[in-house]
Amino acid sequence: MSQSTSRGLIFGIVMGTAGISLIIVWYQKIRKPGTTMNLPKFLSLNDELHSMDLQEAVHDERGTVMVLQQSQFQILEKLNDLLVSVEELKEEVRFLKEAIPELEKHVRVELRGKTAIHRTSPQHRATRKKKAEAGRVLSTSNSSEEAESEGGYVTAQSDTEKEHVAGHKANKKSAKKLSLPVLTQMVDDLHLKGDSDKQTSFELLCNYKNKYKDEIEFIWRLTRAYGDMCDLSTDVEEKRKYASDGKDLGERAISQAPKNGYCHLWYASLCGHVAECGGLQNKIKYGHLFKKHLDRALELIPDEPFLYYLNGRYCYSVFKLNWMEKKMASTLFGVVPSSTIDEALRNFLKAEELKPGYSKYNYVYLAKCYKDLGQKETALMYCDSALLLHSINKKDHQAQEELERVILSLK
């Protein structure tokens, strides 16, 4: 490299360094004092922002939980409505299955009647004509329009109607003479019989509603009859009406006689009916009332087998509750309902002990309990016991259907 070139390079480096120094001096002069970063203050600000973010996150999380709980309730309600609809459909199908054979019988009878009319012999027609003429002679005191009718039909119909009205009035007069002890004995006997007898019992009690409305022995029996009508009805709205009216009457019975065990028993039973007619939240609410008054009734009348059967049904249902249903019950009442299959079994066995052969349904649930416990032979033994009992009412027929399903599951 030449000497002149080296000198030029050194001169350029010196001039560049001088320029940079001048720029640094100028920056220090124009910079405002106090603009240095306050690190502690900055860290404090950062902590506050972090705290605010955490609070917002917690708030958002709580809001999300509430929204999720509401969504769960809505989903459970919709699922329960679907289950209720399926049960109603099953009931309608079962009713149609029972009605079709009766309809066929009715059609056959009608066809036989028409065939008999078409096959009437000429001699029979002549005899009938003579009777008709004799009827016209006997009915001369009637109007000309009635006299023209065949065989005095109008007169005969009027007499029948008069007899029916007279008989109805006589029944009403005799009904007014029934004392409360006689009436209660009659309805107790009817309650233990078939479905038509239970309906007769309800109608009879309704006829005496004004006369014995303040008598506690009458009130709890009418409450029981509302439960019977709820069982017999196939219309959903009608069921709700019977259940609601019976529950209200049961409340009045308890307020008048809080130490009467039968008032608590049948009020609990009606709470069970109301629970079945509503959504999941309604079921949990009235299921809670059902258990409360059932326990009170057990304290007051410990020898009533129906109480142990109902308590067994409650324990079995609680044992079968899923996690979500238990969680919802806990949310509403603060207590998670709990029971075991052994507790349910003890109650069903107690009902059988107090009254052997108490009911077909009690045997069915004994079989179900032993099946769940893995004792197949004992379960089949109670299935056989249930088969020996005749079905005399709607509940017995329902028990028979459930029994057949249990037997199939044990094979």
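Data table
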read-out: Burial order of peptide ranges 385-391, 177-183 (average beta-carbon count within 10 Å, highest first); value: 385-391, 177-183
read-out: D235 paired with Q199, simple spin-label distance in nm, labels 7 Å along Cα-to-beta-carbon; value: 1.3 nm
read-out: Rounded if a/c under 1.5, otherwise prolate or oblate - region 177-302, Cα gyration tensor axes; value: oblate
read-out: Cα-projected label distance for D303 with L180, points at 7 Å along beta-carbon direction, nm; value: 2.3 nm
read-out: Packing-based ranking, highest mean first, of 251-258, 268-275 given that Cβ atoms within 10 Å are counted; value: 268-275, 251-258
read-out: Modelled FRET efficiency - R0 22 Å, L408 with D372, Cβ distances, 0.05 increments; value: 0.90
read-out: Histogram of C-alpha separations across region 318-411, 10 Å bin width, %; value: 16, 40, 29, 15, 1
read-out: Additional length obtainable on full extension of the chain from K90 to K213, 0.36 nm per residue less Cα span; value: 40.5 nm
read-out: Region 291-332 shape via C-alpha gyration tensor axes, a/c threshold 1.5; value: oblate
read-out: J(HN,Hα) series, region 314-320, from Karplus relation 6.51 cos²θ - 1.76 cosθ + 1.60, nearest Hz, glycine and proline x; value: 5, 4, 5, 5, 5, 4, 8
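Coordinate-derived values only; no laboratory data. Keep in mind that what you see is a predicted model, and the values were worked out from it rather than measured. Backbone-built Cβ (ideal geometry, glycine too); neighbour counts: all protein chains shown.
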